[in-house]
Amino acid sequence: MKTQTLLNYARDEWYAASTSLAEVQSAVTGETIAVTGSAGLDFAAMLDHARRVGGPALRRMTFHERAHMLKALGLAIMARKEELYELSWQTGATRTDGWIDIEGGAGTLFSFSSKGRRELPNSRILVDGNVEMLSRHGSFVGQHVFTPLQGVALHINAFNFPVWGMLEKLGPTLLAGVPAIVKPASSTGYVAEHAFRIMIESGILPPGALQLIMGGVGDLFEHLTLQDVVSFTGSAQTAMKLQSHPVIARESVRFIAERDSLNASVLGPDAAPGTPEFDLFVKEVAREMTVKAGQKCTAIRRAMAPAAHIDALEEALRQRLAKVRIGDPREEGVTMGALASRAQLASVRAAVTELTRSARIVAGDPDASPVAGNGAFISPILLRTDDPWGSPAVHDVEAFGPVSTIMPYRDLADAVALANRGMGSLALSLFTYDSAVAEEFVLGAGAYHGRMMILDRTSAKESTGHGSPLPVLVHGGPGRAGGGEEMGGVRGVTHYMQRTALQGAPEMLSRVVRQWLPGAAKAEGEIHPFRKRISELEIGYTLKTASRIVTLEDIEHFAEFTGDNFYAHMDEEAARANPIFDGRVAHGYLILSFAAGLFVDPAPGPVLANYGLEGLRFLTPLYPGDAMRVELTVKTRSVRNEEMGEVRWAVFVFNQKDEVVASYDLLTMNRP
Ligand code: NAP
């Protein structure tokens, strides 16, 4: 293979450094396959370009427009995925490892795209929570909102997942409306560079939205400001170095750190050999050791079992690991490829040496070369300690490869304490079929772990596994894991936005956030709102219905028709004995049905379907003889596609004294 010069992408142009180049070797053959470097880049000018060109362009778009952009980027990656697989094997990755990286990366973009279109508004300001009443008459209220940061997201990524690692950060960043500068790890940067190139060549992104640094970051940190975010994934050592840069503290630059982690997996006290949970545990520990040759930040480094079962566990794991086939990841039948580089091999060997001061090797040989040649191959190494409290290294030393240590625990409290001895982790798994064990574990260990998976015979088949971070769940953990949090659906988007508490008149705030807020004006018109398409429906447009009396006959008719004969509707004496009611009351569902009867316009038109109610509350009982009327107000609306979109209506049902009987949001699908 010819040596490739990896290119930087700065100010919307490709740039090849010509000095201070570093060589990059194939993990499988040891041959030099690329040279990489960033010497000569003007980092201050890159930041300036992102702030002046990329940021404004992204912020002009709505959340939905940016969400569509993410989907298109994911599709562009998928359309050229084979080019990425072709590079990925050079990192030592099998097809399965590559799938997690490449298709898992594109899938993360799809997930953020879908979340963006379904959970974020088709506007540019994100409303956070409900209006807070701040005044007696309601003319002054509070509303939290999020707006995009006006700086740059600097993404510094680890080597292990060059595509996924880049895309899991870009998804939320771009959805938030923030431009990014990506700095992949050097050893596998050739895969990241190609995925980046695919995105640029797709022509989907506005100028300035993305830039790429294929080497050191020079003086970039000197120019960071309060509007920037550094999102770092890598070792604790590098994180500490970068996080203690004086500019980070001086300018209060947001710093998200995803560091290493001594993740634990625990076999519950109930999960003796012979139970499904024991077998699942053995399978998962072995799988986590060998997928991606153990180079996963979430991999199980410490496996804990009741003292009585530790020998059985060792034996079962040894048998399972003996079946692992190590070799060139392109070869049929190979189940574990190489580490990402010779340097990584040396670092794993050194870490195993440190671990052997606390534990003994019971399977594998760190010094053997399981595959001939210059590749970075190593066999899975299983260690064991029988004195976990007297073996500090097993809780402190991360061997970032196919290496795990098994250890016994005395009782559940001991298992919790051992799990927490890792001083903060990304992922913990517990194999138990006993919910009391699980509850004790969640309470005892939750504060130390970013994600906890409780696995049993009922969930194993569909489980996503101990080691898989998911776009809809938070990824990150306290303490040693870095204290960061990424992804987690819309939560991850807000890491690139500023939350601001807005105060003002409801009408003013409503116009600012482009959403009708309680207390804002309600505009009535001649035309029934159900006769208007989304494009014709103004926010705040309101229908005030006529009123109708609800009679005892109505209540009895409804009870008989639906079968809902609950005493509060049917038995005067029993209803009176209830502390909430003064006698028989109308069914809540009757009120909802009558409300629809009052506001619906029956003829076919732009409204296609009612698809749900949210936030329904019954606030004042409605007694026989009371009147009810409805106010229906357009709260938000957003077009999904050419055929339909969603309208959210604020619905208030009043009685004859203008007290609110019920309030809810009604969701309809409408023609655009
Ligand atoms: P690393 O050596 O800390 O490198 C991480 C990134 O930082 C690389 O892009 C590296 O670039 C860059 N870097 C190093 N020194 C820098 C500096 N002075 N200024 C700016 N950037 C700098 O970690 P790694 O070896 O790539 O990754 C393995 C570690 O990452 C493991 O400990 C693993 O647990 C952790 N990890 C954590 C997560 C998570 O989500 N928590 C995920 C994956 C990996 P160069 O490659 O060019 O040096």
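Among the residues making up the stretch 520-535, those that are surrounded by fewer than 19 Cβ atoms within 10 Å (Cβ to Cβ) and either in a loop (DSSP other than H, G, I, E, B) or touching a residue at least 60 places away in the same chain (Cβ under 8 Å) (or both) are 521, 522, 525, 526, 527, 528, 531, 533, 535. For the stretch 371-407, a residue qualifies if it is more than 17 Å from residue 360 (Cβ to Cβ), touching a Pro at 6+ places or on another chain (Cβ under 8 Å) and away from the ligand (no atom under 16 Å from the Cβ), and exactly one does: 377. Within the stretch 255-281, which residues are among the hydrophobic types (A, V, I, L, M, F, W, C), more than 11 Å from the ligand (Cβ to nearest atom) and touching a Gly at 6+ places or on another chain (Cβ under 7 Å)? Passing the criteria: only 264.
For the stretch 619-635, give me each residue that is of a type in the set (D, E, K, R) and within 16 Å of residue 580 (Cβ to Cβ). Residue satisfying the conditions is 626 alone. With the structure loaded, tell me whether residue 192 is outside any helix (DSSP H, G or I), within 16 Å of the ligand (Cβ to nearest atom), small (Gly, Ala, Ser) and modelled with pLDDT of 95 or more or whether it fails that test. Judged against the criteria, residue 192 is not a match. Is at least one residue of the stretch 358-381 surrounded by fewer than 20 Cβ atoms within 10 Å (Cβ to Cβ), part of a helix (DSSP H, G or I) and either in contact with a Phe, Trp or Tyr (Cβ under 8 Å, 6 or more places away or on another chain) or not small (Gly, Ala, Ser) (or both)? No, the stretch 358-381 contains no residue that is surrounded by fewer than 20 Cβ atoms within 10 Å (Cβ to Cβ), part of a helix (DSSP H, G or I) and either in contact with a Phe, Trp or Tyr (Cβ under 8 Å, 6 or more places away or on another chain) or not small (Gly, Ala, Ser) (or both). For the stretch 473-512, taking the residues that are more than 16 Å from the ligand (Cβ to nearest atom) and closer than 27 Å to residue 109 by Cβ, the one that is surrounded by the most Cβ atoms within 10 Å (Cβ to Cβ) is identified as 493.
Restricting 379, 404 to those that are of a type in the set (S, T, N, Q) and farther than 15 Å from residue 305 by Cβ reduces the list to 379.
Where helices (runs of 4 or more DSSP H) sit wholly within the stretch 434-515, those with at least 2 residues that are in the same structural domain as residue 422 (by TED's automatic domain parsing) occupy 435-445. Of the residues making up the stretch 649-666, those that are surrounded by 21 or more Cβ atoms within 10 Å (Cβ to Cβ) and closer than 12 Å to residue 612 by Cα are 649, 666. Within the option set 290, 353, being within 30 Å of the chain's Cα centre (by Cα), part of a helix (DSSP H, G or I), more than 16 Å from the ligand (Cβ to nearest atom) and at pLDDT 95 or above holds for one residue only, 290. Condition first: among the charged types (D, E, K, R) and assigned to a helix (DSSP H, G or I). Can you find one or more residues in the stretch 643-652 that meet it? No, the stretch 643-652 contains no residue that is among the charged types (D, E, K, R) and assigned to a helix (DSSP H, G or I). Does residue 301 satisfy being under 20 Å from residue 400 (Cα atoms), crowded, with 23+ Cβ neighbours inside 10 Å, modelled with pLDDT of 95 or more and within 16 Å of the ligand (Cβ to nearest atom)? So residue 301 fits the description; yes.
The rows are residues; the columns are (1) closer than 18 Å to residue 107 by Cβ; (2) within 14 Å of the ligand (Cβ to nearest atom).
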position	(1), (2)
141	no, no
149	no, no
153	no, no
158	no, yes
164	yes, yes
178	no, no
184	no, yes
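Residue 249: crowded, with 24+ Cβ neighbours inside 10 Å, outside any loop (DSSP other than H, G, I, E, B) and among the aliphatic types (A, V, I, L, M), yes or no? For residue 249, the condition - crowded, with 24+ Cβ neighbours inside 10 Å, outside any loop (DSSP other than H, G, I, E, B) and among the aliphatic types (A, V, I, L, M) - is not met. Count, please, the residues in the stretch 20-67 that happen to be more than 24 Å from residue 93 (Cα to Cα), assigned to a loop (DSSP other than H, G, I, E, B) and of a type outside the set (S, T, N, Q). Residues flagged as more than 24 Å from residue 93 (Cα to Cα), assigned to a loop (DSSP other than H, G, I, E, B) and of a type outside the set (S, T, N, Q) within the stretch 20-67 amount to 6.
The C-beta contact set for the stretch 363-377 (first residue closer than 24 Å to residue 313 by Cα, second residue hydroxyl-bearing (Ser, Thr, Tyr), distance under 9 angstrom, 6+ apart or interchain) comprises 363/379; 364/379; 365/379; 366/353; 366/356; 366/379.
Close contacts from the stretch 455-480, counting a first residue that is under 14 Å from residue 300 (Cβ atoms) and at pLDDT 95 or above and a second that is away from the ligand (no atom under 13 Å from the Cβ) and in a loop (DSSP other than H, G, I, E, B), with Cβ to Cβ under 6 Å and a gap of 6+ residues or different chains, come to 455/463.
The lone criterion from (1) at pLDDT 95 or above; (2) under 32 Å from the mean Cα position of the chain (by Cα); (3) assigned to a loop (DSSP other than H, G, I, E, B) left unmet by residue 260 is number (1). Looking only at residues of the stretch 107-144 that are in contact with a Leu (Cβ under 7 Å, 6 or more places away or on another chain) and of a type in the set (A, V, I, L, M), we find that the one that is nearest to residue 56 (Cα to Cα) is 126. For residue 241, the requirement of being surrounded by fewer than 22 Cβ atoms within 10 Å (Cβ to Cβ), within 16 Å of the ligand (Cβ to nearest atom) and within 30 Å of residue 217 (Cα to Cα) is met. Would a scan of the stretch 199-221 turn up a residue that is assigned by TED's automatic domain parsing to the domain that holds residue 68, within 12 Å of the ligand (Cβ to nearest atom) and in a helix (DSSP H, G or I)? Checked against the condition, which is being assigned by TED's automatic domain parsing to the domain that holds residue 68, within 12 Å of the ligand (Cβ to nearest atom) and in a helix (DSSP H, G or I), the stretch 199-221 yields at least one hit. In the set (1) closer than 19 Å to residue 464 by Cβ; (2) within 10 Å of the ligand (Cβ to nearest atom), residue 232 fails one condition alone, (1). Determine whether residue 252 is within 16 Å of the ligand (Cβ to nearest atom) and not basic (Lys, Arg). Answer is no for this residue.
Tell me which residues, restricted to the stretch 549-563, are surrounded by 16 or more Cβ atoms within 10 Å (Cβ to Cβ) and outside any helix (DSSP H, G or I). 550 - this is the single residue of the stretch 549-563 that is surrounded by 16 or more Cβ atoms within 10 Å (Cβ to Cβ) and outside any helix (DSSP H, G or I). Checking each residue in the stretch 407-436 for being of a type in the set (Lys, Arg) and more than 28 Å from the chain's Cα centre (by Cα) picks out only 410.
Per-residue answers, yes or no, for (1) touching a helix residue (DSSP H, G or I) at 6+ places or on another chain (Cβ under 8 Å); (2) touching a residue at least 60 places away in the same chain (Cβ under 8 Å); (3) assigned to a strand (DSSP E or B); (4) not aliphatic (A, V, I, L, M):
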| residue | (1), (2), (3), (4) |
| --- | --- |
| 579 | no, no, no, yes |
| 585 | yes, no, no, no |
| 592 | no, yes, no, no |
| 605 | yes, yes, no, yes |
| 609 | no, yes, yes, no |
| 615 | no, no, yes, yes |
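The values are calculated or read from the model by the stated rules, or taken from the named source; none is laboratory data. In this text, all values refer to a predicted model and were calculated from it rather than measured experimentally. Note: ideal-geometry Cβ built from the backbone for every residue, glycine included; neighbour counts use all protein chains shown.
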